[in-house]
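J.: Structure provided below as structure tokens; questions to follow.
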């Protein structure tokens, strides 16, 4: 019994120094083979659909190696698995003398097995992980009770070690997922800041595609509008130099039909790991192949009013790719942030246009005011001219009376001269009066035009 205790202690020491399930299983079969001095020790993992796989093996030289062998034995699974879950132990001294089915004998014979000992590997919650199996291949063997007991005890410790390793592995997966989520959250914050710093829609789209391609380490990222039910025009692109550019071209995408439907969820990401296994039409597959796409993700870019600006798509072109949940969520968030940034950039562009319009309107207003001032000045000059003409008419009337008085004293020649001068003065006065009246009419027309411009300007400013 001292030997068994030593072997049992060695097993515990070996498996408890292992953190990976694979290492525990390999250390276990090596220790069990040594402890029981058998030709082969394996761990048989149960698989769905009556399949089993040998996931660990220690075998003596000269006998077949069975690791990674998958065995389809419906007789074994249907007859015995439930009993092994209840703790059944099977010791067969000679497979040809045991009461087992022909298909089971055939399976064992292919592995050169002449005697075997099968012990269940039960986890602490009594879940059946698999089977610990010892083979004697050189000759039949009568298994001793103490050997069976040792095998059961060792299987119990292996079960505990496997459970610990599985729990540790699950913890590692959770921690890895948390670390990955933290990493992508930091990248999301950085990318969001860069996208929201853009002031124009063109810069927003260029930054979004560049960030998506860089952070997801994909071969291409594009943004395209929805032209119809099956295609869109590419407006922004970030791609590897080895790939042909798509910007400005029409890109056919099977996801467009989904996002055009009324049932589409505007934040849903469509991830395709392999375009040939995605169940999409051959026409779309051919188009994707033409553009060197092997795997892709697509997310809509949605504004604050739930309108779809377009689609953001990332492509894997040199290999297929299994997109991770963290990557899908990151792209979904980038799609949302890009939509918000586009809305903000659109508002900024509209504000800039309004400011430009107001600036132009201010210049027009200043021109109108200048024209109005000039009209008022001309109007004042015309008014002064009319006053001067009135005074001239009055003087002409006085002069006419004086001329009549003088004609009684002057000679006929002097009288003729005076009449000529008087007629000339009257003619000049009439011309001046006519010109002033015409100028006054034009000033009124100009003033009316300026007033109409002022009213039009004010109405547009109010609206």
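Just so it is clear, none of the values below were taken in a lab; they were calculated from the coordinates. Everything quoted here is computed from the prediction, not taken from an experiment. Here Cβ is always computed from backbone atoms with ideal geometry, including for glycine, and neighbour counts include all displayed protein chains.
J.: Could you line up 240, 340 from fewest to most neighbouring Cβ atoms inside 10 Å? Before the final figure, lay out the partial values.
T.: Working: 240 13, 340 17.
By the 10 Å Cβ count, ascending, the order reads 240, 340.
J.: On to the next question. Based only on other Cβ atoms within 10 Å, what is the fewest-to-most ordering of 209, 338, 200?
T.: Values: 209 26, 338 31, 200 14.
Ordered from fewest to most neighbouring Cβ atoms within 10 Å, 209, 338, 200 come out as 200, 209, 338.
J.: Roughly how many Å is it from the Cα centre of segment 31-46 to that of segment 131-206, as a whole number?
T.: Measuring centre to centre over Cα atoms gives 25 Å.
J.: Highest mean first, how do 24-36, 145-157, 341-353 rank when packing is the count of other Cβ atoms within 10 Å averaged over residues? Display every interim value, and only then the final one.
T.: Working: 24-36: 21.8, 145-157: 17.0, 341-353: 15.5.
So the peptides 24-36, 145-157, 341-353, ranked by packing, come out 24-36, 145-157, 341-353.
J.: Return the FRET efficiency for the residue pair residue 353, residue 243: r is the Cβ-Cβ distance, R0 is 41 Å, and the value is rounded to the nearest 0.05.
T.: Numbers: r = 36 Å, r/R0 = 0.89.
With R0 = 41 Å, the Cβ-Cβ based efficiency is 0.65.
J.: Fewest to most neighbouring Cβ within 10 Å: what's the order for 218, 171, 137? It would help to have the intermediate numbers written out before the result.
T.: Working: 218 24, 171 10, 137 20.
If I rank by nearby Cβ atoms, fewest first, I get 171, 137, 218.
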